[in-house]
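Single-structure report; data block below.
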Amino acid sequence: MIRRVKVMFQEVFAQRRLLWSLIQLDLRKRYGASFMGFFWSVINPLLQILIYTFVFGYILSVNVGGNAGAKNYGIFLFAGMLPWIAFSEAIQKSSTVILENKDLVKQVRFPVMLLPMHILLSSFLHEMIALAIFVVILFIVGQGPPLLAVGLVALFPLQLIFTLGVGLIASAFHVMYKDVGQLVNALLLLWFFATPIIFPLSLVPHWLQTPLLANPLAPLISAYRAALLGNEVPHLWAFIYFAGFSLVVFLIGVTLFHRLSRDFADLL
Amino acid sequence: MKAISVRNLTKDYRIYSQRGQKFKELITLNRRQFHEAKRALHDISFDVDPGECIGVIGDNGSGKSTLLKILAGTTAPTAGDIEIGGKVSYLLDPATGFNPEFSGRENVHIKCALLGLAPPQTNELFDVVHDFSGLGERIDHPMKTYSAGMVVRLGFAVAIHVPFDVLLIDEVLSVGDYLFQRKCVAAIRAFKDHGKTIMVSSHSLSDVATFCDRLILLNQGKMAMIGGTDAVVQAYVRDCDRRFTSIEEARVPIHDQALACCVDTLGKAAILAVHFIDAEGKETTHFTSGTGLTVRVRFLAEEEIVNPCIRIQFLRNDGMLVLGSNTYRHGIDLGRVKGHFEVLCHFPSINILEGDYYVNVGIWPDEYQSFVAKTPYDVHEYRYIVNIESERPHGGGLVLSPSQWTLNRLEDFK
């Protein structure tokens, strides 16, 4: 299994230029396709954050700790949305990426793994842009991120392999079973509310906290908040849990994708 | 070192005809198989030398594209070995890797990246590709404004300018305009001279005959023939002719079906057996044009009948009467017959060309009735089939009529 992962990385490394071209292509489709491409790609998540902030921060006045209020809630939400949007977008797009590029898979010889991978990296780049915007906002509201924010960089590899693992599983199964597309959407919706993104874990009834913490994304989101907002740093065990979970999902994803991708050209 | 070496290549496609079959395989962890296997290629072996141009021909669905896809590496073989000496370039579907929203120029860069080229290499190639494609200033227009032929031209231009040792082309040559086709043929010839190996699949026999040294003929996934271009084209054309004129068991031409099943007979006499005998006196249904053929009809006259007319007809697979003969036309008076008889009708030279033919045999009260009244003593229609084979010098069409050719120079022709 380790050898397979090594082979995979070698393949991808050998084709890194193609990977980069695919990412550029995706970014251009995202930002360049319509008149105000970049604007739309930012405005939609921003609008989502503003609406949630209005509903939960202002109308429902959810207490996220610190000085309660819409401003705090907005920032609290934004920090959680950053990794979530990158994750969910990557999963959603990787689940359909093989089918969308079926001519390529059938007619051109290249490591098919590049397709979900370029989606992952393109979503990640997009998150980095959003992160930069967020840091600017933090300075504007006079709540510059603590020095710990630099530690976020250490978390990125884990976030990437976890997302890649889930993405590979989704994309491989979607080729075999078209229903997976719908299933992924349903699961992501469920996952969104099962992750402390729009609410802090402290507001969750005690009996629900442990099951929610089993969600591997929970430590990730908490870590983002700790790094960007100076919230409480999650326990070391949470990190170990997330790292272990990511590694397992990643290995399953790579193995499964590797196995099934041999038949992609015939099944499409 | 061979340019392409294929050994015992077999490819099965899995056919899932029902929903849920794939899922059943998943939950049984592939221990049980629920799909049907469709064999697209069956035990193919061949070698291609460097500098050779080899064509693949065959009917639709005979496995041409599958073979090229496997050689290009986009789909994996089920069994067998493939070795390719050198770098491969391929053009399986010209539009692949092109994005309609982007300009031709950008698409060339994308496609080159897909084919494994670094940006500096692409920049070097770009002018040649652009020039070859003949797109001119349209290269900077979005690809969605291109005609189908223009897309092919650009795809082809990229595929042949990417450095390669082996080039695989699937069925695209005849799409471009005439000028472009000539350019392609010239380019392919030039590649051959430089020791590059080219493999093309095509339906256009004239295309492959123009520049292929050898051909592979595929028939339902099997290698029917490999050899010199002329020999394989001839074999394939002949095979198509044969199938076009062949008769499948129990297939009676539609417009004669009603007629064939509703013939009233007078009784009195019955055809017992019909045999076909070749020049050596052997019973067979296979004959060669221009050789002897005898039809032997055995019949029983239960009551005494007077001078019946015995008629034999050869009909093409579509029911057209090709050849007919009867005892009245030949002035033969059979007299009063009662009991068992056999009549022999001998054709010293059966002058009809390749195909399957129905043979109708009938015993009629007289010739006139055989045309109009349709009430024979007995008749066997569309019951016998003979197969006739021809050789090339026999000519084409339906009728064998020996011909001689002469060439005269016209010195002072005005």
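The values are calculated or read from the model by the stated rules, or taken from the named source; none is laboratory data. Keep in mind that what you see is a predicted model, and the values were worked out from it rather than measured. Here the Cβ positions follow ideal geometry from the backbone for every residue, glycine too, while neighbour counts run over all protein chains shown.
Can you confirm whether B:ARG105 is away from chain A (no Cβ under 11 Å) and in contact (Cβ under 8 Å) with a residue 60 or more places away in the chain?
For B:ARG105, the condition - away from chain A (no Cβ under 11 Å) and in contact (Cβ under 8 Å) with a residue 60 or more places away in the chain - is not met.
Filter region B:308-334 down to the residues that are touching a residue at least 40 places away in the same chain (Cβ under 8 Å) and among the hydrophobic types (A, V, I, L, M, F, W, C) and list them by number.
Within region B:308-334, B:CYS309, B:ILE310, B:ILE312, B:PHE314, B:LEU315, B:VAL322 qualify.
Tell me which residues, restricted to region B:33-43, are more than 12 Å from every other protein chain (Cβ to nearest Cβ), under 30 Å from the mean Cα position of the chain (by Cα) and not aliphatic (A, V, I, L, M).
B:GLU36, B:ARG39, B:HIS42, B:ASP43
Output yes when any residue across region B:51-66 is surrounded by fewer than 17 Cβ atoms within 10 Å (Cβ to Cβ) and more than 20 Å from the chain's Cα centre (by Cα), and no when none is.
Filtering region B:51-66 down to residues surrounded by fewer than 17 Cβ atoms within 10 Å (Cβ to Cβ) leaves B:51, B:59-61.
If we keep only those that are more than 20 Å from the chain's Cα centre (by Cα) as well, we get B:51.
Among the residues of region B:51-66, at least one is surrounded by fewer than 17 Cβ atoms within 10 Å (Cβ to Cβ) and more than 20 Å from the chain's Cα centre (by Cα), which makes the answer yes.
If we scan region B:18-32, do we find a residue that is more than 13 Å from every other protein chain (Cβ to nearest Cβ) and among the polar types (S, T, N, Q)?
Within region B:18-32, one or more residues are more than 13 Å from every other protein chain (Cβ to nearest Cβ) and among the polar types (S, T, N, Q).
Does B:ARG31 meet the test of being assigned to a loop (DSSP other than H, G, I, E, B), assigned by TED's automatic domain parsing to the domain that holds B:LEU205 and surrounded by fewer than 17 Cβ atoms within 10 Å (Cβ to Cβ)?
The answer is yes for B:ARG31.
Quick check: is even one residue across region B:43-54 aliphatic (A, V, I, L, M), free of Cβ contacts under 8 Å to residues at least 40 places away in the same chain and not in a loop (DSSP other than H, G, I, E, B)?
no
One residue is enough: does region B:198-213 have a residue meeting the conditions in contact with a Gly (Cβ under 7 Å, 6 or more places away or on another chain), buried (at least 18 other Cβ atoms within 10 Å of the Cβ) and farther than 30 Å from B:PRO100 by Cα?
Yes, that holds for at least one residue.
Quick test of your reading of the structure: B:GLU342 fulfils all but one of (1) touching a residue at least 60 places away in the same chain (Cβ under 8 Å); (2) in a strand (DSSP E or B); (3) of a type in the set (D, E, K, R). Name the failing condition by number.
Evaluating B:GLU342 over (1) touching a residue at least 60 places away in the same chain (Cβ under 8 Å); (2) in a strand (DSSP E or B); (3) of a type in the set (D, E, K, R) leaves (1) as the failure.
Counting only residues that are in a helix (DSSP H, G or I) and modelled with pLDDT of 90 or more, how many does region A:175-206 have? Steps first, answer last, please.
To start, the set of residues in region A:175-206 that are in a helix (DSSP H, G or I) comprises A:175-176, A:180-193, A:201-203, A:206.
Next, only the ones that are modelled with pLDDT of 90 or more stay: A:182-193.
Count: 12.
Report, by residue number, each residue of region A:144-178 that is more than 29 Å from A:LEU229 (Cα to Cα), of a type in the set (A, V, I, L, M, F, W, C) and either within 14 Å of chain B (Cβ to nearest Cβ) or more than 14 Å from the chain's Cα centre (by Cα) (or both).
Initial filter on region A:144-178 (more than 29 Å from A:LEU229 (Cα to Cα)): A:168-178.
Those left that are additionally of a type in the set (A, V, I, L, M, F, W, C): A:168-170, A:172-173, A:175-176.
Passing the criteria: A:ILE169, A:ALA172, A:PHE173, A:VAL175, A:MET176.
Results for (1) farther than 30 Å from A:MET8 by Cα; (2) crowded, with 18+ Cβ neighbours inside 10 Å, shown as yes or no for each residue.
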{"position": "A:LEU190", "(1), (2)": "yes, no"}
{"position": "A:ALA194", "(1), (2)": "yes, no"}
{"position": "A:LEU220", "(1), (2)": "no, yes"}
{"position": "A:ARG225", "(1), (2)": "yes, yes"}
{"position": "A:LEU228", "(1), (2)": "yes, yes"}
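Please determine, by comparing only the residues of region B:57-102 that are of a type in the set (D, E, K, R) and out of contact with any Lys or Arg (no Cβ under 6 Å at 6 or more places or on another chain), which one is farthest from the other protein chains (Cβ to nearest Cβ).
For region B:57-102, the residue satisfying everything is B:ASP59.
So which residues in region A:230-244 are in contact (Cβ under 8 Å) with a residue 40 or more places away in the chain and crowded, with 19+ Cβ neighbours inside 10 Å, if there are any at all?
Correct list: A:ASN231, A:PHE242.
Condition test on A:ILE91, is it within 23 Å of A:GLY253 (Cα to Cα), more than 14 Å from chain B (Cβ to nearest Cβ) and either modelled with pLDDT of 90 or more or surrounded by 15 or more Cβ atoms within 10 Å (Cβ to Cβ) (or both)?
Here the answer is yes, as A:ILE91 does meet what is asked.
Can you tell me which residue among B:THR285, B:THR294 is within 18 Å of B:ILE247 (Cβ to Cβ) and touching a residue at least 24 places away in the same chain (Cβ under 8 Å)? Steps first, please.
Numbers: B:THR294 fails: within 18 Å of B:ILE247 (Cβ to Cβ).
It is B:THR285.
Taking region B:198-249, which residues are of a type in the set (Lys, Arg) and assigned to a strand (DSSP E or B)?
B:ARG214, B:LYS222
So, restricting to helices (runs of 4 or more DSSP H) that lie completely within region A:57-174, which ones have at least 2 residues that are without any contact (Cβ under 8 Å) to a residue 24 or more places away in the chain and within 30 Å of A:VAL233 (Cβ to Cβ)?
On the way: elements: A:70-100, A:102-107, A:114-140.
Because the criterion is at least 2 residues that are without any contact (Cβ under 8 Å) to a residue 24 or more places away in the chain and within 30 Å of A:VAL233 (Cβ to Cβ), the helices (runs of 4 or more DSSP H) in region A:57-174 that meet it are A:70-100, A:114-140.
Quick test for you: out of B:THR122, B:THR145, pick the one residue that is touching a Cys at 6+ places or on another chain (Cβ under 8 Å), surrounded by fewer than 22 Cβ atoms within 10 Å (Cβ to Cβ) and among the polar types (S, T, N, Q).
The conditions single out B:THR122.
Does A:LEU212 count as under 26 Å from A:LEU121 (Cβ atoms) and either not in a loop (DSSP other than H, G, I, E, B) or not charged (D, E, K, R) (or both)? Even if it seems obvious, please write down each step before you answer.
Numbers: under 26 Å from A:LEU121 (Cβ atoms): no; either not in a loop (DSSP other than H, G, I, E, B) or not charged (D, E, K, R) (or both): yes.
No: the conditions fail for A:LEU212.
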